[in-house]
Amino acid sequence: MKTLLKSFTLTALTVCVLLAGTAQVKSDISVGVDPAKTWYGYMNVYDLGGSYLWGSPWALGDLPAVFSSTSISLSPNVSTYNPADPYWVNPDGSGNKRMEANVYVEELSLGGNTLSFSGYTLSYTLAPGYYAQAFIKEFGPGWSWIGWDFQPLVAGSTFNVTRAIGAGNIAQYGFMLVGPNANPATVSTLGSASVALVPEPGSASLLGFGLLLSLGLLRQRK
């Protein structure tokens, strides 16, 4: 009886350890700049002093965020530029609004996990007054704002943004470019930011895979 009880106890402990290991592996989810994902566009508009005015979903090409076979490129907004409309353009021809162009993937089922978003910045030539960064945003039920983490893009460098997403919350990850709307005739002088497209790293979510990792038989890709 003692032998049976000891065997049962050891088995139960082993199962607990394995389940704990599984939960730990499941809690860390890595994503990349995956072209197979659905990417959305959203523009937040501010006055030049930084006061928020409004925001709405936008087509990617109007942000603009342009996908090629190997990269995604972000540049200053020109779709709003209308010199006949003082809402958008100052009398001197400069842009009259501060644009926050967001291109992102939205995940509704990552609550309770730690999300890591990583990639590689191919080029970054944005002029002063503009900046671009990678981000993870978190929203609660009813799209209530929770918070975010971000990292500036740097040419020739990797980025990695990590955030623990609360249970039941919504995660968005992607990029934003911020700066005044620009004249299409001169926008080429203001530069752009380009990030490599790569399939996202696999998430170690299976027990067997987690056991192989723990045994050192597989190495997680960085």
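So is Asp92 in a loop (DSSP other than H, G, I, E, B) and among the acidic types (Asp, Glu) or not? Break it down stepwise before answering.
Values: in a loop (DSSP other than H, G, I, E, B): yes; among the acidic types (Asp, Glu): yes.
Against the criterion (in a loop (DSSP other than H, G, I, E, B) and among the acidic types (Asp, Glu)), Asp92 qualifies.
Of the residues Ala185, Ala167, which single one is in contact (Cβ under 8 Å) with a residue 12 or more places away in the chain and not acidic (Asp, Glu)? Show your work before the answer.
Values: Ala185 fails: in contact (Cβ under 8 Å) with a residue 12 or more places away in the chain.
When all the criteria are applied, what remains is Ala167.
Name the residue that is surrounded by the most Cβ atoms within 10 Å (Cβ to Cβ), counting only residues in the range 159-218 that are of a type in the set (Gly, Ala, Ser), at pLDDT below 95 and under 21 Å from the mean Cα position of the chain (by Cα). Before you say what the answer is, go through the steps one by one.
Looking only at the range 159-218, we keep the residues that are of a type in the set (Gly, Ala, Ser), and these are 164, 166-168, 171, 174, 179, 182, 185, 188, 191-194, 196, 202-205, 208, 210, 214, 216.
Checking the rest, the ones that are also at pLDDT below 95 come to 202-205, 208, 210, 214, 216.
If we keep only those that are under 21 Å from the mean Cα position of the chain (by Cα) as well, we get 202-205.
Working: Gly202: 11, Ser203: 15, Ala204: 19, Ser205: 14.
Per the stated criteria, the residue is Ala204.
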Exercise for the section: Assess whether Asn102 counts as being part of a loop (DSSP other than H, G, I, E, B) and either surrounded by fewer than 13 Cβ atoms within 10 Å (Cβ to Cβ) or at pLDDT 95 or above (or both). Expected result: no
Problem - Within the range 123-152, considering residues that are surrounded by fewer than 18 Cβ atoms within 10 Å (Cβ to Cβ) and of a type in the set (A, V, I, L, M, F, W, C), the one farthest from the chain's Cα centre (by Cα) - result: Ala127
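Can we say Ala84 is small (Gly, Ala, Ser), in the same structural domain as Phe159 (by TED's automatic domain parsing) and surrounded by 21 or more Cβ atoms within 10 Å (Cβ to Cβ)?
On the way: small (Gly, Ala, Ser): yes; in the same structural domain as Phe159 (by TED's automatic domain parsing): yes; surrounded by 21 or more Cβ atoms within 10 Å (Cβ to Cβ): no.
Spelling it out, it is not the case that Ala84 is small (Gly, Ala, Ser), in the same structural domain as Phe159 (by TED's automatic domain parsing) and surrounded by 21 or more Cβ atoms within 10 Å (Cβ to Cβ).
The values are calculated or read from the model by the stated rules, or taken from the named source; none is laboratory data. Since we're looking at a predicted model, the values are computed, not measured. Cβ coordinates were reconstructed from backbone atoms using ideal geometry, including for glycine residues, and neighbour counts include every protein chain displayed.
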